[in-house]
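Here is the structure we will look at, set down as structure tokens.
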């Protein structure tokens, strides 16, 4: 009897699981809210207007096209582990024998009053497009009333997402200023980071290079600075300081989709479900969890970071282990392999490490661009590379 396999979510882990299962000729159903997969790690490029939003997505059917693959465009509303069913927004109730949960993350606001209501986030194609449009609207408003607050942008969070967005916006400013007849020096772009350093994922020496390049381009970086409240058009800091801004963007953290805690999985403080060495839920061996949804400890005992690199690697192992369980074979232990971390600091330069080797400047930017090709190849082979490479590089 055929075992029913459901994959929830078409992010990096979900798509890698699905594409691997296709190659292994294993029947499954992928449930996703949208009929496309989008490149979450490149959303800063959409916000910065580097290319059209459609270039940063790929239809699911362009990657998954075998008769054994079933795609359901729907939204998961709950998971019933006892009955092994998934409830969908459409009202359908999908049964499963094996479930793969890769439903991604939602913004983490850390209980800061007014932050959710008064800031933009960067987590979908629509949100990236909205940031770009909002900034243009603010520049247009400045040409009407001359209020300098329209030209101030505050980015909350100095991690990878926030800094890559910052670099992209810095490169966008000259273009928009020329279009709206605004002097570039009037734009005030600030980042607020609670920790003592930006980009904690990269070595200290490279952080200094990133700080130097970003400040040289005109950004102001605040570290050791906590946001205490956000009201309409105003970011409140400690010591009664405040920054009035027309654009406020929050990139300071994420937590797992609440579907996991609602379903009763053992979870960490960010809501990620605990998994064993095979990426199975410790609560239910019929369930595999990957990507931002998984609490997975590395070899040093600390949780692995929620990166696209880790999610993609998880997807491969989850697919192999689902097939192993169905076939009655031994499963594979997941061993994370860090190939490095790269941060773009604009359209041409980057900073980070590749296989332990530090890179920065134009060389760092080239490695960042090549990582896009690597992902396209892993996801859809030469066909997808030929179709998308010119659009995202």
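Here, each number is a calculation from the coordinates, and none is a lab measurement. This structure is a prediction, so every number in the text was calculated from the model and none was measured. Note that we place each Cβ from the backbone using ideal geometry, even for glycine, and neighbour counts take in every protein chain shown.
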Return one number: the angle in degrees, 0 to 90 and rounded to the nearest 10, between the long axis of the Cα atoms of helix 204-216 and the longest principal axis of the Cα atoms of the chain. 50
Would you calculate the separation in nanometres between label points at residue 73 and residue 184, each defined as 7 Å from the Cα along the Cα-to-beta-carbon direction? 4.2
Added length on full extension, which subtracts the Cα-Cα distance from 0.36 nm per residue, residue 129 to residue 286: 52.7 nm
Multiply the residue gap between residue 389 and residue 55 by 0.36 nm, knock off their C-alpha separation, and tell me the result in nm, one decimal place. 119.3 nm
Report, to the nearest 10°, how far helix 125-145 tilts away from the longest principal axis of the Cα atoms in the chain, using its own Cα long axis and a range of 0 to 90°. 10
Hey, rough spin-label estimate for residue 93 and residue 300, points 7 angstrom out along Cα→Cβ, what's it come to in nanometres? 4.7
For the chain, calculated [θ]222 nm from helices alone, where every DSSP H run of n ≥ 4 adds -39500 (n - 2.57): -11000 deg cm²/dmol
For semi-axes √(5λ) of the Cα gyration tensor in Å, the listed values are [x] 30, 28, 18; [y] 38, 22, 21; [z] 50, 25, 16; which was obtained by calculation from the structure presented? [y]
Enter the angle in degrees (range 0 to 90, nearest 10) between the Cα long axis of helix 308-327 and the first principal axis of the Cα atoms of the chain, meaning the one along which they spread out most. 10
Per the 1/(1 + (r/R0)^6) rule, R0 = 25 Å and r from the Cβ atoms of residue 145 and residue 117, FRET efficiency to 0.05 is 0.55
Given the range 14-120, what percent of its DSSP beta bridges are antiparallel, to the nearest 5? 65
At 7 Å along Cα-to-Cβ for each site, give me the label-to-label distance between residue 232 and residue 347 in nm. 3.6
Mind jotting down the distance between the C-alpha centroids of the range 158-208 and the range 69-117, whole Å? 34
